[in-house]
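Some notes on the structure that comes next.
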Amino acid sequence: MLIVLVQVQVKTESIAAFQEASRENARLSRQEPGIARFDVMQQADDPCRFVLLEAYRTAEAPAAHKATAHYQAWRDRVADMMAVPRTSVRYHAVSPDPGGW
């Protein structure tokens, strides 16, 4: 199980549009066979900051995800909404049992 946490800071005027675009991307991403979990979270004390939690079943699944039309549409749609470039960190699941996701 590969976990990717994507940190995103959006412009204040783009919060609602980013939420809408990201909800749709998450909904479609969850339908991909290589994705075990895909969540969009908004920081409680700073509504401009978001974290995308992406849990992939295989090492190849992130590349397959990035090849989908819905990811590419999301990427292009939100590009100008970002206050700074997004960053990501990859993790390997240790607990809970990744097979349970």
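The values are calculated or read from the model by the stated rules, or taken from the named source; none is laboratory data. What you see is a predicted model; the values in this text were computed from it and never measured. Methodologically, a virtual Cβ is constructed for each residue, glycine included, from the backbone with ideal geometry; neighbour enumeration extends over all protein chains shown.
Out of R57, R27, one residue alone is in contact (Cβ under 8 Å) with a residue 24 or more places away in the chain and either in contact with a Ser or Thr (Cβ under 9 Å, 6 or more places away or on another chain) or among the charged types (D, E, K, R) (or both). It is R57. Hey, among the residues in the range 9-48 that are in contact with a helix residue (DSSP H, G or I) (Cβ under 8 Å, 6 or more places away or on another chain) and polar (S, T, N, Q), which one's nearest to Q72 (Cα to Cα)? Out of the qualifying residues, it is N25.
Screening D39 on (1) free of Cβ contacts under 8 Å to residues at least 12 places away in the same chain; (2) in contact with a strand residue (DSSP E or B) (Cβ under 8 Å, 6 or more places away or on another chain); (3) not basic (K, R) shows it passes everything except condition (1). As a summary of the residue check, M1 satisfies the conditions (1) at pLDDT below 95; (2) surrounded by fewer than 15 Cβ atoms within 10 Å (Cβ to Cβ); (3) of a type outside the set (G, A, S) except for the one numbered (2).
Residues that are hydroxyl-bearing (S, T, Y) and touching a strand residue (DSSP E or B) at 6+ places or on another chain (Cβ under 7 Å) were ranked within the range 5-36; the one that is surrounded by the most Cβ atoms within 10 Å (Cβ to Cβ) is S22.
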